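Remarks on the structure that follows.
Derivation of every value follows stated rules applied to the coordinates shown; laboratory data play no part. As the structure is a prediction and not an experimental result, all values here were calculated from the model. Reconstructed Cβ throughout: ideal geometry from the backbone, glycine too, with neighbour counts over all protein chains shown.
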Amino acid sequence: MHSPLPRARFGATHSHAPDPRRRLLLSSIALLALTGCGPDAPKLHGMDLSGMPSGDFQLQDTDGRERKLADYAGQPVMLFFGFTQCPDICPTALTRAVEIKTLLGADASKLRVLFITVDPERDTPEILRAYTQAFDPDFVGLRGNAEQTRAAAQSFKVFYQKVATGSSYTMDHTALTYVIDANGKLRIALRHQQSAQECVDDLRTVL
Amino acid sequence: MKKIAIKSLAAAAFAFCALAGANHVALAQDAGIKVDDAWVRATVPSQHATGVFMRLTSNAAGRLVGVESQAAKHVEIHEMAMQDNVMKMRQVPGIDLPAGQPVELKPGGYHVMLLGLKAPLNVGDKVPVTLKFEQGGKLLEQRVEAEVRGLTAPAHGGGAAANHKH
């Protein structure tokens, strides 16, 4: 962030004899900048959320069991908020989750995929189960009442809202996939535009 | 031009014979509007809505102004946009078709929404859809059969990564 300023100053003094102390200072800054995002910190395609407070939820799975995030401790979780009537983003995200599991090979069994509906009004447990299992029988659909859904979304800073259309309504919603490590810590947000391979690269830092 | 005129005349005559007495609208294909690769995403039981995708190309500037289907109670044209990682969907009154330029209705952009489905759509089914166009002040129609593809069908020409423009 501060690099443009020192560089401008350096440029201004360039015609004069270089000041060795300033030179040393500048190379130290450059070195610091390098190590800050150097090979030690793995570069993510998604957003690094480590250091952010971990979210949680109080919801029901499609068999009616009460579920919270800690129930899935011991294995990394990929978490997505969506709705089954979504024509576009949600099937694409879940299809990518299927591809990710294929690419992970033997490590896929370590990964848990959770889908939280932001449209519990229309997404009954039956629809939610049929929908998630149509992608992968191991994907878990979660739903709650309006208040529980709002609390779960807020906890992960997920935005959603009902939008009226001519005959019905649709949902705007955050299209990020959250990665939570085996210790229940929020780590990464995978962007919708990331390919399955880019997601796998990011997931490898957590698995 | 002559060929097209004869074709539309033939089509009009055919339509007149077939639907004598019914209000008939000219066929879009005779006005140089092409509909390719129409497909619809499969649904699971009790799921009442899904999207239809296709590629539209119009020789002359035109506009998709409406869609009808007997498979659903309501049919709407929607546009999806990604803003700050939030997916937003809006109903739009129509889609402009610039002359000679293919317009894709695909995941990550425009789609036709079938709402209030009368029955679940299974892979391999065909869903009849009637597209209504406007071109040079005339109303045109085209009936197509959209093929039902699996829930995991990728966006046309690739997966999630193909939606980079948003």
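Work the Kirkwood hydrodynamic radius out for segment B:62-113: mean of 1/r over every pair of different alpha-carbon atoms, inverted, in Å.
Values: mean 1/r = 0.0823 Å⁻¹.
Result for segment B:62-113 stands at 12.1 Å.
Starting from the Cα of B:Asp36, step 7 Å along the direction of its Cβ; do the same at B:Lys73; then give the gap between the two resulting points in nm.
3.7 nm
Can you give the average number of partner chain beta-carbon atoms within 10 Å of each beta-carbon in peptide A:95-105, as a whole number?
Numbers: counts 9, 5, 1, 2, 4, 0, 0, 0, 0, 0, 0.
The shielding value for this peptide is 2.
Net charge within 12 Å of A:Ser167 by Cβ-Cβ distance, Lys/Arg positive one each and Asp/Glu negative one each, not counting A:Ser167 itself?
Working: positive: B:Lys73; negative: B:Glu76.
With Lys, Arg at +1 and Asp, Glu at -1, the net is 0.
Within straight cross-link reach of B:Lys132, meaning Cα distance under 20 Å, which aspartates and glutamates are found once same-chain residues fewer than 8 apart are removed?
B:Asp30, B:Asp36, B:Asp37, B:Glu68, B:Glu76, B:Glu79, B:Asp96, B:Glu104, B:Glu141, B:Glu145, B:Glu147
Count, for each residue of A:185-196, the Cβ atoms from other chains sitting within 10 Å of its Cβ, then give me the mean as a whole number. Could the numbers behind the result be given before it?
Working: counts 0, 0, 0, 0, 1, 1, 3, 9, 10, 2, 6, 3.
Whole-number average of other-chain Cβ neighbours for A:185-196 is 3.
Of B:Val112, B:Gly137, B:Asn85, which is farthest towards the positive pole of segment B:71-153's charge dipole, taken about the Cα centre with +1 and -1 on the beta-carbons of Lys, Arg and Asp, Glu respectively?
Positive-end residue among those listed: B:Val112.
What average count of beta carbons from other chains do you get within 10 Å of the Cβ of residues in A:173-179? Please report the intermediate quantities before stating the final value.
Details: counts 5, 4, 10, 3, 0, 0, 0.
For peptide A:173-179, the averaged partner shielding equals 3.
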